[in-house]
Every structure is written in C-alpha cells, then in structure tokens.
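Worksheet: one structure, shown below.
The values are calculated or read from the model by the stated rules, or taken from the named source; none is laboratory data. If you're wondering where the values come from, they're calculated on a predicted model, not measured in any experiment. Note that we place each Cβ from the backbone using ideal geometry, even for glycine, and neighbour counts take in every protein chain shown.
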Amino acid sequence: MKKEIIVITGGPGTGKTTIIEALIEQGYACFPEISRQITLEAKKQGIEQLFLERPLLFSELLLEGRKKQHQQATNDQAEIVFLDRGIPDILAYMHYIGDSYPAFFDHASKEHEYSKVFVLPPWEDIYESDEARYENFEQAKLIFNHLLETYQNYGYHLIEVPRGTVEERIKYILSQLF
C-alpha cells in the first residue's frame, strides 16, 4: 500500500482536533494543528494575536511547521497519517483576510501533496470561541468557503464529513480510505 497523507480541514470549531485526538486513541499516526502553539509562543513575547497583528509572519511560521509535518508524515512508518490542516489552509486564511503572500506559499502548496482531503462543514451547535479562536460563527462560515475554494484550486476533490458523533465521523472517514 502506498503512503496515505490525509488532511482533515474545515473552518474553526468544526471538530477537527477532537477527531484527530480520537484517531490517536485508536492508534493512528496523526499530527496536530500547530497554529495554537505559534499563537501561544507569540503571546509569551507580548504579541496578543499574532495572526491579526502580523499575519504574514504568522503564516510564514505556520508554513514552516506544516512543511515539517508533511516531511515527518512522509517519513513516518505508518501507511496512513492524518494531519490537522494542510498547507493550503494557510492560503485560505490569507485570502479570508485579504492579504497577499509571496509566491513560495503557492509553490509549497503545489510541492506538498496530500492523498485525500476531508472537510468538516460549519456546525453551529458545536462551535465555541476561545482565546485562540477569536472568529464568530459567521466568520467561520466565510473561512470554510475560502478553504473549499483554495483546496479546489489546487485540484483536490474534497470529501465532506457529515455531522454526527465523533465515532460516526471517524467511521465515515475510515470508510472512504478502505
């Protein structure tokens, strides 16, 4: 079987992290979302919301981290590796805020390919804001639309994961792989 590098994406508050954590519990190789880590590091340096204050710097740090995750996923012994977000997510967020970005972002999105991309649609019943997730639900829906457009522009066929329990969502994702 060839290496499968699977992205789980979607707007903020759609259950990505919960699904990744449950997949880890089931023994799957997974790489977590790294934007919170970058945000917390910036807060330690006195920058309250790095993405809002210095979006290009935030995005560059995120790009380096996601490229590293892709490389680690490629080298991982597991045949299937799940990632909480992929490189095109960065561009989708930049489109969302209306910022431009250097060409190397586009190149990285083309050079680092994913086997499948699962997308979690906005779901108001489970949506929660917190110190790292500042967007409201309406903004989360706009981000979702940018994610769809960005991934499709890179030629990905997105597989929408239906709403349901964590177990039902994981069962659906796995059913699309085997």
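Being surrounded by 15 or more Cβ atoms within 10 Å (Cβ to Cβ), in a loop (DSSP other than H, G, I, E, B) and at pLDDT 85 or above holds for only one residue in Glu113, Glu33, Glu60, and it is Glu33. For Leu177, the test of being at pLDDT below 95, surrounded by 12 or more Cβ atoms within 10 Å (Cβ to Cβ) and outside any helix (DSSP H, G or I) is passed.
Within region 70-103, being of a type in the set (A, V, I, L, M, F, W, C) and free of Cβ contacts under 8 Å to residues at least 40 places away in the same chain holds for Ile87, Ile90, Met94, Ala103.
If you go through region 78-94 one residue at a time, do you hit one that is modelled with pLDDT of 90 or more, touching a Lys or Arg at 6+ places or on another chain (Cβ under 6 Å) and outside any helix (DSSP H, G or I)? Yes: region 78-94 contains one or more residues that are modelled with pLDDT of 90 or more, touching a Lys or Arg at 6+ places or on another chain (Cβ under 6 Å) and outside any helix (DSSP H, G or I).
Just one of (1) assigned to a strand (DSSP E or B); (2) under 14 Å from Thr14 (Cβ atoms) fails for Gln139. It is (1).
Residue-level check: of (1) assigned to a loop (DSSP other than H, G, I, E, B); (2) surrounded by fewer than 16 Cβ atoms within 10 Å (Cβ to Cβ); (3) in contact with a strand residue (DSSP E or B) (Cβ under 9 Å, 6 or more places away or on another chain), Gly46 misses just (3). The set of residues in region 142-163 that are in a helix (DSSP H, G or I), at pLDDT 95 or above and β-branched (Val, Ile, Thr) contains only Thr150.
When Thr18 is tested against (1) modelled with pLDDT under 90; (2) within 16 Å of Leu174 (Cα to Cα), only condition (1) is not met. The test for being buried (at least 18 other Cβ atoms within 10 Å of the Cβ), of a type outside the set (D, E, K, R) and over 12 Å from the mean Cα position of the chain (by Cα) does not hold for Phe104. Show the residue pairs meeting these rules: Cβ distance below 7 Å; 6+ apart or different chains; first residue within region 109-129 and of a type in the set (Gly, Ala, Ser); second residue assigned to a loop (DSSP other than H, G, I, E, B) and modelled with pLDDT of 95 or more. These pairs meet every condition: Ser109/Tyr154. Within region 25-69, the set of residues being hydrophobic (A, V, I, L, M, F, W, C), farther than 15 Å from Met94 by Cα and touching a residue at least 24 places away in the same chain (Cβ under 8 Å) comprises Ala29, Cys30, Phe31, Ile34, Ile38, Leu40. Just one of the listed residues (Arg66, Arg85) is within 13 Å of Gly10 (Cβ to Cβ) and surrounded by 21 or more Cβ atoms within 10 Å (Cβ to Cβ), and it is Arg85.
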